[in-house]
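The values are calculated or read from the model by the stated rules, or taken from the named source; none is laboratory data. Just so it is clear, the model here is predicted, and its values are computed rather than measured. Using ideal geometry, Cβ is built from the backbone for each residue, glycine included, and neighbour counts are taken over all protein chains shown. In case anyone asks, the SASA skips ligands and DNA or RNA and just uses the protein heavy atoms, side chains included. Shrake-Rupley method; radii C 1.70, N 1.55, O 1.52, S 1.80 Å.
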Amino acid sequence: LFIALISALDYLHARRVVHRDVKGENLLVSEDLARLKLADFNTARHLRESASLTPMGPNACSAPELLGGESPSERSDIWGAGMCLHLMLCGRLPRRCRSAPDYDVSLQGQIWEHVSGACKAALRRCLESSKSIRPAAMTLLQDPWLTGDPEEMRVSVPRSRSFS
């Protein structure tokens, strides 16, 4: 599902379109969990030369730079994708620190024991607080977790865990 999301963002970004609202509510997933589609393009905008986009109202998936008043960019879409991956993996978004726009992405604890190191590394890259370090979608599609050994792609959730 994450590959489908990043592929959709890569398609948009190659055409200089920023979605601006990548979050769980805007993902359509098939019942068999085999397909994902990115939806709700009401706020998507084309990046014209030297034009900046106005930030949207903050939401739970807003990138740190957007909370600071910067213009949305392809890298803020990647942050949103990282938030969606976090939600996919553990059933909730990371906790926002009360004193700063940063998130607790320690990826420690029982729920993360079944997630491969390569998966956690990809997630950390998406949720990098500095947008200049956050990878582009085309770079993420080359990430070892997404292209590597099937064992590296492993994400197993214990059967007793339910997300409600």
What distance in nm lies between label points placed 7 Å from Cα along the C-beta direction at Ser130 and Lys37? 3.9 nm
Where Lys23, Lys37 fall by accessible area, highest first, once all protein chains stay in place (1.4 Å): Lys37, Lys23
